[in-house]
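Everything below concerns the one structure shown next.
A short reminder: the numbers here are calculations on the coordinates, not readings from a lab. Model, not experiment: these values are computed from the prediction. A quick note on method: Cβ atoms are made from the backbone with ideal geometry, for glycine too, and the neighbour counts reach across all protein chains shown.
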Amino acid sequence: MPIYVSKRVRELIPAGAKTKRVLIMGVAYKPGVSDVRETPATALRDDLIAQGCEVGWLDPLVEEWDRLTPVSADWECDAAVVATAQPGMPVAAIAGRGVPILDCTGSFAHLANVTRL
């Protein structure tokens, strides 16, 4: 599934974009926890990088993921993906900037610029 999600989020990057920057929101293995062991977000991140994307991540409950620190909510990205619906994620603010978002959780489909998986 992470490979499929990678493909879908890359399809949201606007044609002609000079960069391929993708933000992964929610990297823990399930909502409400900070545990990133065996999270499918790792395979998603790795495939995005293998496909030439620059990847940033944020998760209000996770301070470090594979020795990487999160980016800020205002990190400039071409597309984003909600992998885990964590409380306190700035999905509405990011969608409000016009960033296309793929929602793998079905939690944010009511927002503009959000596509449900």
*asked:* Pairs of alpha-carbon atoms within less than 8 angstrom and 6+ residues apart define the contacts here; what relative contact order does the chain have, in percent?
replied: 28 percent
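Would you tally the net charge around ASP47, using a Cβ to Cβ cut-off of less than 12 Å, leaving ASP47 out, and scoring K and R as +1, D and E as -1?
Neighbour charge sum, excluding ASP47 itself: +3.
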*Hey, in the GNM for the chain with a 10 angstrom Cα cutoff, which one of ALA15, ALA80, ALA92 fluctuates hardest?*
ALA15
*Can you give me the P(r) profile for the range 2-116? Cα pairs, bins 10 angstrom wide beginning at 0, each as a whole percent.*
15, 53, 30, 2
*Phi to ³J(HN,Hα) by Karplus 6.51 cos²θ - 1.76 cosθ + 1.60 over the range 49-62, Hz, x for Gly, Pro*: 5, 4, 8, x, 8, 8, 10, x, 9, 8, 7, x, 9, 10
*Please give the net charge around LEU117, taking every other residue with its beta carbon less than 14 angstrom from that of LEU117, where Lys and Arg add +1 and Asp and Glu add -1.*
+2
*For the chain, what is the mean residue ellipticity at 222 nm derived from helices alone (per DSSP H run of n ≥ 4: -39500 (n - 2.57); sum divided by total residues; nearest 500 deg cm²/dmol)?*
-6500 deg cm²/dmol
*Taking H placed 1.01 Å from N in the peptide plane, check which residues at least 5 places from ASP103 or on another chain put their amide H under 5 Å from its amide H.*
VAL82, THR115, ARG116, LEU117
*Report the trypsin sites (Lys or Arg not before Pro) located in the range 1-69 that are in a DSSP loop and have at most 12 other Cβ atoms inside 10 Å of their Cβ, or state none.*
LYS18, ARG37, ARG67
